[in-house]
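The values are calculated or read from the model by the stated rules, or taken from the named source; none is laboratory data. If you're wondering where the values come from, they're calculated on a predicted model, not measured in any experiment. Here the Cβ is made from the backbone with ideal geometry for all residues, glycine too, and neighbour counts use every protein chain on show.
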Amino acid sequence: MSLKGKAAAIGIGELKPFKTPGREIALELMARVAAEAVADAGLEKGDIDGFFTCVPFSDPGWLYPASAAEFLGLHPRMLNIVDTGGAAPAGMFWRAAAAIDAGLCNAVLCVIADLNREPEHRLSPFSVQREFEAPYGNIGPNCSYAMIAQRHMFEYGTRPEHLAKIAVDQRTNALKNPLALFNDRPLTIEDVLSSRLIVDPLHLYDIVSPCAGGAAFVVASRDIARRAKHPPVWLLGAGEHCHHSSITYAPSITSSPVQAAAQTAFGQAGVTHQEIDFVSLYDCYTITVLVSIEDAGFCKKGQGGPFVMEHSLTYEGDFPCNTHGGQLSFGQPGLAGGMSHVTEAIRQLMGRGGERQVKDAALGFVNCNGGVMSEQTSLILERKS
Amino acid sequence: MSATEYAKPLPKPSPMSEPFWEAARRHELWLQRCADCGQFVFYPRPQCPNCWSAKLEWKQASGRGRIYSYTVVRRATHRAFTEPYVLAIVELEEGARMTTNIEATPEQVRVGMPVSVFFDDVTPDRTLVKFKPA
Ligand SMILES: [Zn+2]
């Protein structure tokens, strides 16, 4: 089955991420971006007949899609959570297209909102991570991404300045994004390398900053997309892959399931890497971007370091990457973190990138990443000329 | 609560994983090995993740391995941990990998470094499996 050209994104809504003591609830933020995305699509609430969301870290509840749909006053014919962590936004996109292609619904609202407030014990008391990793102090993703970076440096000679370059170029992009959390001053490689070491070899500026926020997008059928307010952004190809949850049990920690996900997406879309105008790559850490560039096939395995030094990742560069600043500069609103990679790709392809618009952007590659390079979902999106 | 009470997370074994933790209390490292495909399996499971055979046997491991990767944690995400500490993935001689701590200074640790197991009796009834430079 191919999803090529079966559905398109037609509207987006996004909050500027913010730091908060957390007195809001995630549903309040969700309502704001949901309304914004549906209006942006030129639709009414009643047109939404499919609904995908995620259970926020800040509000771990049961039967969440129904609670959220009730809060929003939606009456969907298909509802679910997509529980693939940071990969969920891209995962929602192709699942929405599949549901539309199957005739189950016509307009799917995909929305995630979260706060920078986590419950005390996110790990289930019976989880493998709780039993075999937490006792040694592997709690949260920092250590695991650091170990990926360390091993990448050992296998391929990658250097801390290679990782820093990613944060620096993305910051240049964020300076042109009014919605970015960190858009007040540029960053230099020296700034990154002189920031505090948190988990060797990752510095403070190699790591996202938790915040609150949310975003939404609407995926619609061909019929609805043709009547949309903005140019529809068509799904050309999608791929998803997973081979581990914890990196300790991954076949390799430097080669990720992005390889298989991207290969599937490119195969389905029938386009080449050279045709891609910009990429939007999940960036919880700088190393995530480096590994994703390699594994998606934009350079040879292990050459990500030299690649980012030789290319400009800015919106005016020869390899525009995370033109909204990436989560490193835009902010990571909890489980909604991956959303900005999808909304920015849609924005660029609609020609609504403002000062950071990639010239003649017609084809974008998106990769969203869950866990520790665990769940991977790649999308190829197109604006038809 | 006494001030010296162990405040880091402790494993809560299930019947499936109890043999591993019981062996650790005896200061021995035991792993499951698949009788059908020969693969060593860590963490404990009811069936081999490689071939789905249910014929898993407990075998004593050599306790030798190499550091597959590591990090020096300079800012911990759990208040009970004292920074800096070395967190690592060790690849055992038998092929299985496990998350652990390395008892060494941050300057000593290298990817690929040979390490050997030791057993840290962190509470009267719980022992963690850790490694030090061989
Ligand atoms: Zn087997």
Kindly indicate whether A:GLU375 is out of contact with any Phe, Trp or Tyr (no Cβ under 7 Å at 6 or more places or on another chain) and either surrounded by fewer than 21 Cβ atoms within 10 Å (Cβ to Cβ) or of a type in the set (Lys, Arg) (or both). no
Restricting to helices (runs of 4 or more DSSP H) lying wholly in segment A:1-118: which have 1 or more residues that are in contact with a helix residue (DSSP H, G or I) (Cβ under 8 Å, 6 or more places away or on another chain) and under 26 Å from A:VAL271 (Cα atoms)? A:88-101
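So which residues in segment A:140-160 are touching a residue at least 12 places away in the same chain (Cβ under 8 Å), under 18 Å from B:LYS8 (Cα atoms) and at the interface with chain B (Cβ under 7 Å from one of its Cβ atoms), if there are any at all? Write out each step before concluding.
To start, the set of residues in segment A:140-160 that are touching a residue at least 12 places away in the same chain (Cβ under 8 Å) comprises A:141-153, A:155-160.
Imposing the further condition that a residue be under 18 Å from B:LYS8 (Cα atoms) reduces the set to A:141-143.
Result: A:ASN142, A:CYS143.
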When residues of segment B:19-57 are filtered for being away from every other protein chain (no Cβ under 14 Å), surrounded by fewer than 13 Cβ atoms within 10 Å (Cβ to Cβ) and more than 9 Å from the ligand (Cβ to nearest atom), how many remain? 3
Look at segment A:168-216 and say how many of its residues are of a type in the set (Gly, Ala, Ser), within 14 Å of chain B (Cβ to nearest Cβ) and under 20 Å from the mean Cα position of the chain (by Cα). 1
If the Cβ limit is 6 Å and pairs must be 6+ apart or interchain, which residue in segment B:4-18 that is more than 11 Å from chain A (Cβ to nearest Cβ) pairs with which residue that is part of a loop (DSSP other than H, G, I, E, B)? B:ALA7/B:ALA80
Scan of segment A:335-385 for residues that are over 18 Å from the mean Cα position of the chain (by Cα) and not hydrophobic (A, V, I, L, M, F, W, C), ordered by number: A:GLY351, A:ARG352, A:GLY354, A:GLU355, A:ARG356, A:GLN357, A:LYS359, A:ASP360, A:ARG383, A:LYS384, A:SER385
Residue list for segment A:319-360, restricted to those being farther than 13 Å from A:ASP169 by Cα and assigned to a loop (DSSP other than H, G, I, E, B): A:GLY331, A:PRO333, A:GLY337, A:GLY338, A:GLY351, A:ARG352, A:GLY353, A:GLN357, A:VAL358, A:LYS359, A:ASP360
Can you report the number of residues in segment B:65-81 which are modelled with pLDDT under 95 and either among the polar types (S, T, N, Q) or not in a loop (DSSP other than H, G, I, E, B) (or both)? 1
Of those in segment B:58-98 that are surrounded by 17 or more Cβ atoms within 10 Å (Cβ to Cβ) and away from chain A (no Cβ under 13 Å), the residue nearest to the ligand (Cβ to nearest atom) is B:GLU94
List the pairs whose first member sits in segment A:168-184 and is touching a residue at least 24 places away in the same chain (Cβ under 8 Å), whose second member is acidic (Asp, Glu) and surrounded by 20 or more Cβ atoms within 10 Å (Cβ to Cβ), and whose Cβ atoms are under 8 Å apart, counting only residues at least 6 apart or on separate chains? A:GLN170/A:ASP283; A:LEU179/A:GLU14
